[in-house]
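Report on the structure given below.
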Amino acid sequence: MQSKHRFFVCIPLCCVLLLSGVVILMSVQAQMPIKGRIIFMSEQGTQTMNFDIYVMDTDGRNLQRLTDDPTTNEDPAWSPDGRKIAFTSKGDGSREIYVMDADGKNPRRLTNQPGLDEASGSAAWSPDGQRIAFTTWWRTNINFEVYVMDADGKNPRNLTNNPAVDADPTWSPDGQSIAFESTRDGNREIYVMDADGKNPRNLTNNPAIEADPAWSPDGQTIAFNSDRDGNSEIYVMDADGGNPRRLTDHPLYDGQPAWSTDGRGIAFISRPDVDDDMEVYVIDSDGENLRRLTENRTDEWHPDWFGPAFVHPVSPAGRLRITWGWLKQNSR
């Protein structure tokens, strides 16, 4: 009893102030707006079905056009450091993967299959920015497969080789796994494999279509779209496929989810009304606070989110234990 009494009475003032500061910081962070920039492809200012890449703030303001040429530019993806954007383009006659600076300058081609449509679907950067996974359908038996290459386009190698369609890869934050969609069970489902292509296993097993996986920044959750309730909605599930829950409830299409850098928000596309075009929306990761970012007479597709992440209100596993251990050690 005496040692317990000494522990509570003799906590140094600095520790009390530190703990109070942590609580205040957590409270302030929880109220801070989600910041960053969202890139997407849009037909605005172009000919019909001729997309260009745009960027805007996460409130829909400060819209900027990054590509402007007669061909189509699609499926943009931020590099992990936000300095580059990978995308697909038919600028050289076939659909290839390119990369450009974040301001749209200095585009350069990474893949080169003249006369053939090399890339289908988006490129996905590895968390360290050293590799890019992508979907191609000409390299292996004219079938959709997932490949990976170095970030400079060198050393391409296939990760899947299956008679079914394998597409739309997304990396886990630790770089150890890649989620993707596949029809190898007869309909589109979400699968995961090791980053070298080994050990594929399905995460969803539903008669409905499950597509467009997107890994959360903390690695705990995968967002995807599914029509298991009759039309396409945004869902999230645990990284092992468990605990699926629906975030949107809309009679028309919701799809192509993309997480904010801090994991607090998800951008996606939706058709507001049956006669409307696709627009970009944002929703909190718990399904609350839906807001519309674009409002055009043209289609917007494939948003991707990048922004300066601040410390998450909940400390990562391990860090909180170290803090409490430090407090206890210095209170004796």
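The values are calculated or read from the model by the stated rules, or taken from the named source; none is laboratory data. As the structure is a prediction and not an experimental result, all values here were calculated from the model. Please note: Cβ atoms are built from the backbone with ideal geometry, for glycine as well, and neighbour counts cover all protein chains shown.
Might you let me know whether the stretch 131-146 holds any residue that is of a type in the set (Gly, Ala, Ser) and assigned to a loop (DSSP other than H, G, I, E, B)?
no
Taking the stretch 63-89, which residues are without any contact (Cβ under 8 Å) to a residue 40 or more places away in the chain and among the acidic types (Asp, Glu)?
If the condition is that a residue be without any contact (Cβ under 8 Å) to a residue 40 or more places away in the chain and among the acidic types (Asp, Glu), then Asp68, Asp69 are the ones that fit.
Which residues, counting only those in the stretch 163-182, are at pLDDT 95 or above and in a loop (DSSP other than H, G, I, E, B)?
Across the stretch 163-182, the qualifying residues are Ser172, Pro173, Asp174, Gly175, Gln176.
What number of residues within the stretch 199-231 are basic (Lys, Arg) and farther than 28 Å from Asp128 by Cα?
1
Residue by residue through the stretch 245-277, note down the ones that are of a type in the set (A, V, I, L, M) and more than 15 Å from Asn225 (Cα to Cα).
The answer is Val274, and nothing else.
If I ask for residues that are surrounded by fewer than 20 Cβ atoms within 10 Å (Cβ to Cβ) and closer than 21 Å to Asn112 by Cβ, which ones from the stretch 152-173 would you list?
Result: Asp152, Gly153, Lys154, Asn155, Pro156, Arg157, Asn158.
If you go through the stretch 96-106 one residue at a time, do you hit one that is loosely packed, with under 13 Cβ neighbours inside 10 Å, of a type in the set (S, T, N, Q) and modelled with pLDDT of 95 or more?
Scanning the stretch 96-106, I find at least one residue that is loosely packed, with under 13 Cβ neighbours inside 10 Å, of a type in the set (S, T, N, Q) and modelled with pLDDT of 95 or more, so the answer is yes.
May I ask you to list the residues in the stretch 189-244 that are basic (Lys, Arg) and under 24 Å from His302 (Cβ atoms)?
Within the stretch 189-244, Arg228 is the sole residue that qualifies.
Does Asp240 count as under 20 Å from the mean Cα position of the chain (by Cα), at negative phi and assigned to a loop (DSSP other than H, G, I, E, B)?
So Asp240 fits the description; yes.
Quick check: is even one residue across the stretch 48-70 modelled with pLDDT under 90 and crowded, with 19+ Cβ neighbours inside 10 Å?
Taking every residue of the stretch 48-70 in turn, none turns out to be modelled with pLDDT under 90 and crowded, with 19+ Cβ neighbours inside 10 Å.
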